[in-house]
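As structure tokens, the structure follows; a few thoughts come after it.
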Amino acid sequence: DLEDQYDLRRQLHNTIQDLKGNIRVFCRVRPPINNELDDKELCAISFPNETSLDIRKSRESVCAISGRVGDVKQEFSFDKVFSPEASQVEIFEELAQLVQSALDGYHVCVFAYGQTGSGKTHTMQGTPNDRGMIPRTIDLIFEKIEKLKITEWSYTVTASFLEIYNENIRDLLEPNSNYDYELRYNEGRGVTVTNLKSVPIDSARMLKALMEEANNNRAVATTDFNKHSSRSHAVTKIHLEGHNNLSRASYSGSINLVDLAGSESAKTSAAERLNETKHINKSLSTLGNVMLALHNKDSHVPYRNSKLTFLLQSCLGGNSKTLMIVNIAPFEDCFGESISSLRFAAKVKEIKTCAKKNKTYGHQALLPSNGSQKK
Ligand code: ADP
Ligand code: MG
């Protein structure tokens, strides 16, 4: 019958997704803009095929004998590599499949990683004329839900927007509240944030209006927005609850879109150590440690060592589909940071996890939606 057909289609879709791996890594190199080329040199970056990239520090063809590290070509390969000409549409094509997975009951997490100025916000948010992954995801969710409505499926969508700055959570829909935002682990619902405003959404338009509000609130109340945004993580959480009116099966999935803090702040310079002591960006360095522990299949994964990794626990471990988009600025003076981003990304790419969807019948949970990792 109809549900079987849907189930088959879903299974096929997700089998294909699983074959692609549950943690995927894309790399996007941004173009120079405006008059950046007036005072900056470009690295030599080439794209031999759609999954690899070669990078040298200088575009001058200096001989390799000179011994300068930057002159040696370094090669990286990822699940997909996007050159500066790549459009938002091309990148979203790859991400669109994950929207279906979230509707099918998976936890999906998309990270934009990279140093400040590498194009993270452009990729996630974009501009009104060149929309990024978040507004495109919102449109696609509602497009798909409208189609599914014709069948016996109905969905409820809720959204919340938050920011993590210096290990403090701030609700971007209630920027002036005095609530405590604590992370709680709940067997059935996974990790939740106490007091976080979660808004039921009934249209793409409404969700995009909230997104704008959250963006505006992010900038407000900070004296130095650039510094603030380069050190904070902005998280868009969209929760999707699907219900089959005939079989009473329910799917509970989510999409988390994360514009990470600038990766350069993961390292503490002497000046920063003096100023802001301990955790300049504990969340970002813990994210690295969590990825490493998953990679090494350690029995203990330090999810709880930072707010970000605790919050996204179920998106990082077994029960999830993760996409990391590593953004690269094309300039010579960014070379060192670019190489460390590329190396981090290469590590992440090696992680293998096993995702399962969160399906329940009636009110009884068959599968707890926790993030336990299967080997
Ligand atoms: P980040 O969020 O990583 O600090 P931004 O997204 O703000 O970096 O990008 C830095 C600048 O480069 C911005 O002015 C942005 O509009 C521009 N930019 C980034 N990526 C692209 C791109 N793919 N195409 C055109 N402009 C881009
Ligand atoms: Mg940014």
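The values are calculated or read from the model by the stated rules, or taken from the named source; none is laboratory data. Everything quoted here is computed from the prediction, not taken from an experiment. Heads up, the Cβs are rebuilt from the backbone with ideal geometry, glycines too, and the neighbour counts pull from every protein chain shown.
Here are the numbers:
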| quantity | calculated |
| --- | --- |
| Selection count where residues are among the polar types (S, T, N, Q) and over 14 Å from THR121 (Cβ atoms), scope the range 217-250 | 7 |
| Qualifying positions in the range 15-50 - within 22 Å of VAL108 (Cα to Cα) and either at pLDDT 70 or above or surrounded by 11 or more Cβ atoms within 10 Å (Cβ to Cβ) (or both) | THR15, GLN17, ASP18, LYS20, GLY21, ASN22, ILE23, ARG24, VAL25, PHE26, CYS27, ARG28 |
| Qualifying residues in the range 321-337 (those that are touching a Phe, Trp or Tyr at 6+ places or on another chain (Cβ under 9 Å) and farther than 19 Å from SER46 by Cβ) - the one farthest from ligand 1 (Cβ to nearest atom) | LYS321 |
| Residue count, the range 100-114 (criterion: at pLDDT 95 or above and either in contact with a Cys (Cβ under 8 Å, 6 or more places away or on another chain) or more than 16 Å from ligand 2 (Cβ to nearest atom) (or both)) | 0 |
| Residue match in the range 116-136 (condition: more than 16 Å from ligand 2 (Cβ to nearest atom), modelled with pLDDT of 90 or more and crowded, with 19+ Cβ neighbours inside 10 Å) | yes |
